[in-house]
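Enquirer: First the structure, then my questions, so here it is.
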Amino acid sequence: MKIVAFIPARFASTRFEGKPLAPILGKPMIRHVYEGVSQSKTLSEIIIATEDERIYNEAKSFGAKVVMTSASHLSGTDRIIEASKDIEADIILNIQGDEPLVNIEIINALATPFKEDKSVLYTSVKTPIYSYEEFIDPNNVKVVVNKDDFGLYFSRSPIPFDRNYNPEEFKDKKILFGYKHLGFYGYRKDFLLTFEKLPQSYLEKKEMLEQLRAIENGYKIKVVTVSFSTIPVDVPSDIKKVENYLLNLYN
């Protein structure tokens, strides 16, 4: 089974222009992502896909394989669909270029279900939420799954809603509020090409979550639990959060 990881990296980000090249402890973010993905030995190939020559040249400088794609793509998924069409692969992994803390656990969680079950078409990952503040934050996408870990729904709202939750009763207790969805994906290549042809769905537009397009069209997403949450870089202030995390890890 040939598994290829793509790292879509866009320079023209609305909220943080040039963020794949933003330095994190002296190293551009795109290199942190690439090196994190490279920890996994299950991959046949790692390819950075970008619309910008500055990212292209930086990726080449540290030995990565990189391809140029259209500047008109609205999502990382669209970018890797273009980049993967001429690539021979059974499984495509989508590792966003603004996830500098990606590691081997996440890569293996995305890839393993395809090896274990031929019916799996689409995978992602989740992590437990023990903080009520994190649970109600609309910037954190929540997911509920069935008994086999296939996604039932993804939402920016706090799901599942706990009618019995009493802040005072649970004040000093560690309780599981739900699961946070992390934005990493795996696809069988044939399914990815099918997904490209599906029109944007009603729920996808409401929540601004493209994985809902698959669910609304009757496809299942296997959502594997991992032990930690990453820190995606959306705005410049997120860089410091990542650096603090890494410094604590190193020390």
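Enquirer: Restricting to DSSP loop positions (anything but H, G, I, E, B) with no more than 14 other Cβ atoms inside 10 Å of their own Cβ, which GluC sites (Glu not before Pro) remain in the range 150-212?
Expert: Taking the range 150-212 and a limit of 14 other Cβ atoms within 10 Å, the loop GluC sites (Glu not before Pro) found are 168, 169.
Enquirer: Would you pull out the residues with amide H under 5 Å of residue 13's amide H, same chain only if 5 or more places away, H placed 1.01 Å from N?
Expert: 18, 19
Enquirer: Something else: Once phi is turned into θ = phi - 60°, what whole-Hz ³J(HN,Hα) does the Karplus curve with 6.51, -1.76 and 1.60 give for every residue of the range 175-181, x standing for Gly and Pro?
Expert: Here the 3J(HN,Hα) series is 10, 8, 7, x, 10, 8, 8 Hz.
Enquirer: Now a separate question. Per residue, how big is the convex hull around the C-alpha atoms of the range 132-251? Give it to me in cubic angstrom, could you?
Expert: Taking the convex hull of the Cα positions in the range 132-251, it is 164 Å³ per residue.
Enquirer: Continuing with the same structure: When DSSP beta bridges are limited to those with both residues in the chain, what percentage is antiparallel, rounded to the nearest 5?
Expert: Approximately 55 percent, going by the DSSP bridge assignments.
Enquirer: What are the ³J(HN,Hα) couplings of the range 241-246, residue after residue, when phi is run through the Karplus curve with 6.51, -1.76, 1.60 and θ = phi - 60°? Round to Hz, x for glycine and proline.
Expert: 4, 5, 4, 4, 4, 5
Enquirer: State the answer as a single residue: which of 6, 81, 18 lies farthest towards the positive end of the charge dipole of the range 1-100, with beta carbon charges of +1 for Lys and Arg and -1 for Asp and Glu, about the Cα centre.
Expert: Most positive-ward Cα: 18.
Enquirer: Report, for the range 1-100, the % of DSSP beta bridges that are antiparallel, rounded to 5.
Expert: 10 percent
Enquirer: Here's a follow-up. Please give the per residue volume of the convex hull enclosing the alpha carbon atoms of the range 1-100, rounded to a whole number of Å³.
Expert: Taking the convex hull of the Cα positions in the range 1-100, it is 88 Å³ per residue.
Enquirer: Would you mind checking 147/180; 174/241; 41/174; 173/206 for any pair whose Cα atoms are more than 26 angstrom apart?
Expert: Beyond 26 Å: 41/174; 173/206.
Enquirer: Then there's this: Taking only Cα atoms and a 10 Å spring cutoff, compute GNM fluctuations for the chain and point out the largest among 113, 23, 232.
Expert: Highest fluctuation of the listed residues: 23.
Enquirer: So, one more: Would you work out if the chain is rounded, prolate or oblate? Take a ≥ b ≥ c from the square roots of the eigenvalues of the alpha-carbon gyration tensor; rounded if a/c is under 1.5, else prolate when a/b is larger than b/c, oblate otherwise.
Expert: oblate
Enquirer: List the residues whose amide H sits under 5 Å from the amide H of residue 231, counting only those 5 or more places along or on another chain, with H placed 1.01 Å from N in the peptide plane.
Expert: 101
Enquirer: In a Gaussian network model over the chain where Cα atoms closer than 10 Å are linked, find which of 199, 20, 138 has the largest mean-square fluctuation.
Expert: Between 199, 20, 138, it is 199 that shows the largest mean-square fluctuation.
Enquirer: Determine ³J(HN,Hα), in whole Hz, for all residues of the range 49-56 in sequence, where each value follows from phi through the Karplus function 6.51 cos²θ - 1.76 cosθ + 1.60 and θ = phi - 60°; x replaces Gly and Pro.
Expert: Per residue, the Karplus-derived 3J(HN,Hα) values read 10, 9, 10, 10, 5, 5, 5, 4 Hz.
FYI, it's all coordinate maths here, none of it is from the lab. Just so it is clear, the structure is predicted and the values come from calculations on it, not from any experiment. Please note: Cβ atoms are built from the backbone with ideal geometry, for glycine as well, and neighbour counts cover all protein chains shown.
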